Amino acid sequence: MNEQLHKTLKSLASSDQACTIDENDWKNKALPGILESIEQIGSTSIEIEKSSPHDQEAIRKLDRGKLRLISHLKAHFGVAAPFTIRRIAELLLDPKKEGYTLNTLQEKVKFFNALSKSVLVSSALNEFPVETFNANDNASASEDVNSVDKMVRIPWSKQANEKDSVFDPDLSNEESK
């Protein structure tokens with residue numbers, strides 16, 4: 001992983017703030033670097049002819065997973081990052097910290113399965129902007145408090161101790177009228 005990609009992914013993964021990345025940085029720096037990282041992790045050093053049938057199946061799974069991730073990123077996120085970019089950054093930055101040592105084919109397949117859960121999404125980061133709240137805007141908070149539904153007794157349920165119950169007996173009498 002090149003230093004520039006490492007720096008970009010580290011800022012995405014470690015930020016306490018909402019995850020954001022400029023579209024130009026995504027298209028020109030982050031996406032090509034992520035694709036290269038996926039390609040590197042997915043490359044195998046085992047020769048297919050000398051490997052066991054179990055290893056050959058793992059190599060096929062790894063290749064299919066790698067191609068699927070790369071094609072999905074290119075097709076759906078050429079302009080903007082997926083909304084799961086923070087998790088993708090965490091996985092690619094330090095797979096060992098996330099529980100993937102990547103020493104065997106099976107571990108690489110497991111890593112690609114985890115990565116696919118973050119990559120194979122359909123929403124981009126910029127499709128749903130982060131909501132910000134203004135400390136001076138108390139109207140929305142008071143509206144939520146006033147809209148709390150009262151609990152009503154369910155006729156067929158039995159309460160062990162009526163005094164500990166949360167329902168409003170006045171409401172249940174009104175509804176039964």
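The values are calculated or read from the model by the stated rules, or taken from the named source; none is laboratory data. Note that the coordinates shown come from a computational prediction; the quantities given were computed from them, not determined experimentally. Positions of Cβ are backbone-derived with ideal geometry, glycine not excepted, and every protein chain shown enters the neighbour counts.
Yes or no, residue by residue, for (1) under 19 Å from ALA30 (Cβ atoms); (2) assigned to a loop (DSSP other than H, G, I, E, B); (3) outside the structural domain of THR8 (by TED's automatic domain parsing):
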residue	(1), (2), (3)
ILE70	yes, no, no
ALA75	yes, no, no
GLY78	yes, yes, no
ARG87	yes, no, no
GLU98	yes, yes, no
GLN106	no, no, no
VAL109	no, no, no
LEU115	yes, no, no
> Is there a residue in the stretch 134-150 that is modelled with pLDDT under 70 and within 30 Å of ILE34 (Cα to Cα)?
Replying inline: no
> Which residue, of LEU102, LEU120, LEU92, is assigned by TED's automatic domain parsing to the domain that holds SER37, modelled with pLDDT of 65 or more and over 15 Å from the mean Cα position of the chain (by Cα)?
Replying inline: LEU102
>> Out of the residues in the stretch 1-35 meeting the condition of being under 11 Å from LEU92 (Cα atoms) and in a helix (DSSP H, G or I), tell me which one is nearest to the chain's Cα centre (by Cα).
In response: ALA13
>> So, ALA58, is that one touching an Asp or Glu at 6+ places or on another chain (Cβ under 8 Å), under 27 Å from LYS110 (Cβ atoms), at pLDDT 80 or above and assigned to a helix (DSSP H, G or I) or not?
In response: no
>> Quick check on my filter: what residues within the stretch 36-54 are among the acidic types (Asp, Glu), at pLDDT below 85 and outside any loop (DSSP other than H, G, I, E, B)?
In response: GLU49
>> Suppose we filter LYS66, LYS117 for residues that are of a type outside the set (Val, Ile, Thr) and surrounded by 16 or more Cβ atoms within 10 Å (Cβ to Cβ); which single one remains?
In response: LYS66
> Residues of the stretch 80-113 being of a type in the set (A, V, I, L, M) and closer than 17 Å to LEU12 by Cβ, which ones?
Replying inline: ALA80, ALA81, ILE85, ILE88, ALA89, LEU91, LEU92, LEU93
